[in-house]
Amino acid sequence: MAVKSKKDVKENSKTIKDIANSVKDIELIESKQKVNKKSLSKSNNAQNNKIKINYLYVVLSVLAIAIVGFAIYGAAYYYDLYIKPNSQADGLNKINNDYGNLVDANGVIIADYNDTVSMNYMLIVDGNILDSSYDRNIPLEFTIGAHQMIPGFEQGVIGMSVGEERTFVVSPEDGYGSAIEYQDINISYVYLQMYIKNQVGEMQDPDKLIGTKLYTKSQACIFESYDIAKDVAILKCQHTLAGKSLTFKVQMLDINKYVAGIPVQ
């Protein structure tokens, strides 16, 4: 067996130390790598947790907005369905109670008693047009309730608004009366003779005229009696449309209302 020199021993010792140092370096590197892996893992976990939290926040925010939106929609729907109609109706009722029927359920001005209205009309009887303001281009103007028109016509136009068109039928009772109803009318006997003279060309014996039917543009009359001294002739008259159902087609053109002397348009 060969005996190693001191030099060889030193070199071997140095080699062992170098190997040991290398092992320590490797262990240190591996330790650092483990630490870095743990740090990276923690960082990734934190990043993932942050993404999850942000995602959850977005979801909750969207859900909250949706809930608020549905709540607002529900409240608006409930208001429109239950509260608004009642409050509007209450307000309109108060206006109408204070001043008469000024407006309808939508707040539109409507015609009522004491209003002066302007309108076009067409009168149809038995399928025939007897009168029409459309042809003359001259609207009819009257005050509702002033007895300027037959009752059925006044009732037919109440509640109309400007621009509205309406068709309605007036019964004989609300029109010109039944066919058997007559009204006594006193006129001047002299005037009656003049009228008859214009019709037949000469004066007539009044006694022979009793019971005779006389017609004007709108009246059918029966000569009943006379008193020459008093210059009175008594006629029983009825409108030529008595006993007829009247169909009216009308269009409201204007409504004039007055509340405490102030015109309302």
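The values are calculated or read from the model by the stated rules, or taken from the named source; none is laboratory data. The structure displayed is predicted, hence computed values, not measured ones. For neighbour counting, all protein chains shown are included, and Cβ atoms are generated from backbone atoms with ideal geometry for every residue, glycine included.
The single condition among (1) in the same structural domain as A229 (by TED's automatic domain parsing); (2) surrounded by 14 or more Cβ atoms within 10 Å (Cβ to Cβ); (3) touching a residue at least 40 places away in the same chain (Cβ under 8 Å) that Y195 does not meet is (3). Looking at the structure I just gave you, is Q183 within 18 Å of K236 (Cα to Cα), surrounded by 16 or more Cβ atoms within 10 Å (Cβ to Cβ) and in contact with a strand residue (DSSP E or B) (Cβ under 9 Å, 6 or more places away or on another chain)? Taking the combined requirement at face value, the residue does not satisfy it. Filtering segment 74-127 to residues that are touching a Leu at 6+ places or on another chain (Cβ under 8 Å) and either modelled with pLDDT under 55 or assigned to a helix (DSSP H, G or I) (or both) leaves I95, N96. For segment 229-250, residues that are more than 26 Å from L140 (Cα to Cα) and of a type in the set (V, I, T) total 2.
Scan segment 146-184 for residues that are aliphatic (A, V, I, L, M), modelled with pLDDT under 90 and touching a helix residue (DSSP H, G or I) at 6+ places or on another chain (Cβ under 6 Å) and report the count. Count: 0. The residue of segment 230-249 that is farthest from S171 (Cα to Cα), among those that are β-branched (V, I, T) and part of a strand (DSSP E or B), is V232.
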